[in-house]
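Enquirer: Shown below is the structure under consideration.
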Amino acid sequence: MHLEAPPPFLKSTMNFILETLKVLGLVLWYSLESFVFCFIPTKKKNVAGEVVLITGSGSGIGRLMALEFADLGTVLVLWDINQEGLKETARLVKEKGVTRVHCYVCDCSDKAEVYSVADQVKREVGDVSILVNNAGIVTGKKFMDAPDSLIEKSMEVNTMAHFWTYKAFLPAMIANNHGHLVCIASSAGLIGVNGLADYCASKFGAVGFAESISLELIATGKDGIKTTIVCPYFINTGMFDGCQTKWPRLLPILEPTYVAKKIIRAVLTDQVFLLLPRSMYLIAGLKNILPTKQGVLLGQYLGAFSLMDTFRGHNKKVQ
Ligand SMILES: NC(=O)c1ccc[n+]([C@@H]2O[C@H](COP(=O)([O-])OP(=O)(O)OC[C@H]3O[C@@H](n4cnc5c(N)ncnc54)[C@H](O)[C@@H]3O)[C@@H](O)[C@H]2O)c1
């Protein structure tokens, strides 16, 4: 008996129904999986022997992450423009018994310097397998008051430096299908903030870049290279000194050690997005679904319009 092929319209409708059902089933399955993992502790990976490069590790979160990685038996490569800060981080790391720590003065805003220091690292230490793009700066001025040079610098340090470090270290990770890319962005990379236009633009850029590369790696089958994108609210490191939070219970100013520990945990469990504090997941979600007027109202309620009014930053401490 000769069966006739279904007409093209019927075939495409059946394909649509089958594929939609398959995706809905998987969505349900992954949701169940996430729910179950809320109660079961996630297995942590072993990073002993991995070569971890942290930019901006001469102070703040960078230094604290170096100290956390030191406890895990990693080889540390520390970059910063601040030589004294680097020396201090290396000293603290060595106090913990780590012998393989390598410091390099590198201005991450300078592409040529990033490439040249990266070559030096490859020759002297080897391939980097965990790359933490952490170096960051903030101008803290209203857009029209910010000098062009500072705006450009913010983009170069907070965004463009990530491009150049990936270009330098990703090829070896791809060749081995092994590695981890960590982007220290900010909640200002998910939600715009009055008075932080250049910083927000640079952090939105960093988030978009890291997320896209992660998808590019998945699409090319390089699933051994993991990505973690970190978006914290204010951290008490001095970078945003003077800034105050309106509702400290909902949006507390975070303690640096807590943040560093959370980041390392996210890396060890291959968590893709880490938003801190937890309320940031809800706020970022609401921002994306609320109509504009309600979004602005929520921003005002959360104090986002006056966050930067009392900003002093690192260099302008009150006497
Ligand atoms: N502190 C906060 O409230 C906060 C909130 C969200 C995100 N972040 C992000 O966390 C990261 C770490 O910030 P932090 O709070 O530890 O600040 P920090 O100022 O203590 O540390 C930043 C480090 O980056 C270094 N650095 C600056 N420019 C550099 C350059 N061109 N090349 C190399 N190194 C350079 C600095 O010397 C410093 O050691 C930054 O990317 C920052 O944007 C901070």
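The numbers here are math on the coordinates, done by the rules we state, and not lab data. Just so we're clear, the structure is a prediction, and the values are computed from it rather than from any experiment. No Cβ is skipped: glycine too gets one built from the backbone with ideal geometry, and neighbour counts run over all protein chains shown.
Enquirer: When the chain is treated as a GNM, springs tying every alpha-carbon pair under 10 Å, which of L196, L254, L297 comes out with the largest mean-square fluctuation?
Expert: L297
Enquirer: Less than 20 Å apart at the alpha-carbon level, and either on another chain or at least 8 residues along: which aspartates and glutamates does that give for K94?
Expert: Leaving aside aspartates and glutamates fewer than 8 places away in the same chain, those within reach of K94 are E50, E68, D71, D80, E84, E124.
Enquirer: Looking at the chain, send over the antiparallel percent of its DSSP beta bridges, to the nearest 5.
Expert: So the antiparallel bridges in the chain amount to around 0 percent.
Enquirer: Could you compute the net charge surrounding G97? Neighbours are other residues with a C-beta less than 13 Å from the C-beta of G97; K and R count +1, D and E count -1.
Expert: The answer is +2.
Enquirer: If we count every other residue with Cβ under 11 angstrom of D110's Cβ, Lys/Arg +1 and Asp/Glu -1, where does the sum land?
Expert: Charge balance in the 11 Å sphere: -1.
Enquirer: Within the stretch 18-103, which chymotrypsin sites (Phe, Trp or Tyr not before Pro) sit in a loop by DSSP and count at most 12 neighbouring Cβ atoms inside 10 Å?
Expert: Answer by residue number: F39.
Enquirer: Based solely on its DSSP helices, what 222 nm [θ] is calculated for the chain when runs of n ≥ 4 H residues each add -39,500 (n - 2.57) and the sum is averaged over all residues, nearest 500 deg cm²/dmol?
Expert: It lands at -15500 deg cm²/dmol.
Enquirer: So, counting K/R as plus one and D/E as minus one, what does the shell of residues with Cβ under 11 Å around M308 add up to?
Expert: Around M308, the charge tally is +2.
Enquirer: Cα to Cα, under 20 Å, and not fewer than 8 places away if on the same chain: which lysines meet these conditions relative to K45?
Expert: Output for K45: K222, K226, K261, K262.
Enquirer: Can you return the lysines within cross-link range of K293? Criterion is Cα-Cα under 28 Å, with same-chain partners fewer than 8 residues away left out.
Expert: Leaving aside lysines fewer than 8 places away in the same chain, those within reach of K293 are K141, K142, K203, K246.
Enquirer: What trypsin sites (Lys or Arg not before Pro) in the stretch 251-281 are in a loop by DSSP, with at most 12 other Cβ atoms within 10 Å of the Cβ?
Expert: R278
Enquirer: Please work out the Cα convex hull volume for the chain and give it in Å³ per residue.
Expert: Once divided by residue count, the hull of the chain is 200 Å³.
Enquirer: Still on this structure: I want to verify a result. In a Gaussian network model of the chain, Cα cutoff 10 Å, which of these has the top mean-square fluctuation: L250, L92, L28?
Expert: L28
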